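Data block below; observations after.
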Amino acid sequence: MKTTNPVYTGLPTTIFEVMSRLANEHGAINLGQGFPDVDGPEDVKRFAAEEIVGAPNQYPPMMGVTELRKAVAASNARFYGLEVDWQTEILVTSGATEALSDCFNALLEPGDEVVVLEPLYDCYLPLIRRAGAIPKLVRLTPPEWKLPGEALAAAFGPKTKAILLNNPMNPAGKVFTREELQVVADLVLRHDALAICDEVYEHILFDGRKHVPLMTLDGMRERTLRIGSAGKTFSLTGWKVGYVTAPKTLLDPITKAHQFTTFTTPPGLQRAVAYGLGKDDGYYRSLAGDLQAKRDRFGGGLARLGFGVAPCAGTYFITADVGPLGLEAKDDVELCRLITVEAGVTAVPVSAFYEGDAPGTFIRFCFSKRDAVLDGALDRLARWVDRRGRAGA
Ligand code: PMP
Ligand code: GLN
């Protein structure tokens, strides 16, 4: 038999799916895979339902329906002062994942290097490698997740085609400061590279922070691609509606990759997302405000139980160090299994977001859940920590 492609052959099932299955098997509260347990706005869902029943469901325009491309362009202007041409600089995709895949396939050539920051979202490396390019990894470590300037500079070289920047960053909950963004922009400009920005959590920032797209920094407009996801902005992760904003010269080849990957995305969902993006400031404020309260509720609870809780400035993930609890376990994967089976709460090991060994014993919890669910998880963890403490005493 001929061999199958080595990038995907032997690749494990994603950690999110693995942990969700384990949670189901053990009846655990699933704070592993990142998804809200309450769907997004009722009016957005109704809008979609009416579109699906009342309007044609045939192939929409390949780049996306007019309403959504206009709405994404309007959001760029409204939130970030970015003027973009909706006809040539916006592409609608089936989720941010497709957008990432299209960008890599269209922009990378075999042998190109892509600077990628760890911890990283799990689809990045296989997609980059399948496009024939070579990831150059730069490690951020908990709990500060500071950008290591020297290591970052060292990762750039003559073969660097692009940097991939996830801001706000999953799983770190990190929001890059303007100074850090400037460091990235300076390197990109110095090496005449591109910046592929995964900004799916652009509307989930806390404590008064405002999202700053790398694209808005001086000189970056013509070399940056910005990716968003309705799944995150409207708590509708199953819809898989994403969008890319990019200068026309870069978007043109990306559109060709999209043309032969999915070609289009369901038109009714696209129109509903267009409607949603037009929501007033109150919607966006409460999306971030409600999640900030959940961060405090759950993070505070974890800290009281003795977990070392890392700061979380954005996204709906919080990472916690289990080290201080003094548990015996081989690694964070084993710990997550243990907590699922013994405590009945599921998290995701942070090592899943690193290519090599994880720095420490951190695990990631998703707090985009009803308060009662978060409280229930904290109760279970409290009982478990107590049982463990007594067993060890
Ligand atoms: N990037 C990051 C950092 C994510 O957390 C996610 C969430 N799944 C995605 C991309 C993919 O988004 P989508 O579901 O729109 O494909
Ligand atoms: N982005 C989600 C997370 O980080 C998971 C998406 C998925 O399961 N593919 O948990």
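The values are calculated or read from the model by the stated rules, or taken from the named source; none is laboratory data. Computed from a predicted model, the values in this text were never measured in an experiment. No Cβ is skipped: glycine too gets one built from the backbone with ideal geometry, and neighbour counts run over all protein chains shown.
Looking at this structure, is R297 more than 15 Å from ligand 2 (Cβ to nearest atom), of a type outside the set (S, T, N, Q) and touching a residue at least 12 places away in the same chain (Cβ under 8 Å)? For R297, the condition - more than 15 Å from ligand 2 (Cβ to nearest atom), of a type outside the set (S, T, N, Q) and touching a residue at least 12 places away in the same chain (Cβ under 8 Å) - is met.
Every residue, every condition in (1) more than 19 Å from Y284 (Cα to Cα); (2) modelled with pLDDT under 95; (3) more than 21 Å from the chain's Cα centre (by Cα), yes or no:
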| site | (1), (2), (3) |
| --- | --- |
| N166 | yes, no, no |
| V183 | yes, no, yes |
| V200 | no, no, no |
| P247 | yes, no, yes |
| F260 | yes, no, yes |
| F263 | yes, no, yes |
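Taking every residue in the range 376-388 that is among the small types (G, A, S) and pairing it with any residue that is not in a helix (DSSP H, G or I), at least 6 positions away or on another chain, the pairs with Cβ-Cβ distances below 7 Å are G376/I29; A377/I29; A377/L31; A377/V345; A382/L305. Taking (1) part of a strand (DSSP E or B); (2) surrounded by 24 or more Cβ atoms within 10 Å (Cβ to Cβ) in turn, K161 satisfies each apart from (2).
Output the helices (runs of 4 or more DSSP H) that fall wholly within the range 169-261 and possess 2 or more residues being out of contact with any Lys or Arg (no Cβ under 9 Å at 6 or more places or on another chain) and of a type in the set (S, T, N, Q), or say none.
It comes to 248-259.
Scanning the range 109-134 for residues being without any contact (Cβ under 8 Å) to a residue 40 or more places away in the chain, surrounded by 18 or more Cβ atoms within 10 Å (Cβ to Cβ) and more than 16 Å from ligand 2 (Cβ to nearest atom) gives a total of 3. Per the conditions (1) within 30 Å of G157 (Cβ to Cβ); (2) within 16 Å of ligand 1 (Cβ to nearest atom); (3) in contact (Cβ under 8 Å) with a residue 60 or more places away in the chain, the sole criterion not satisfied by A106 is (2). For the range 267-339, the helices (runs of 4 or more DSSP H) that sit wholly inside it and include 2 or more residues that are at pLDDT below 95 are 332-338.
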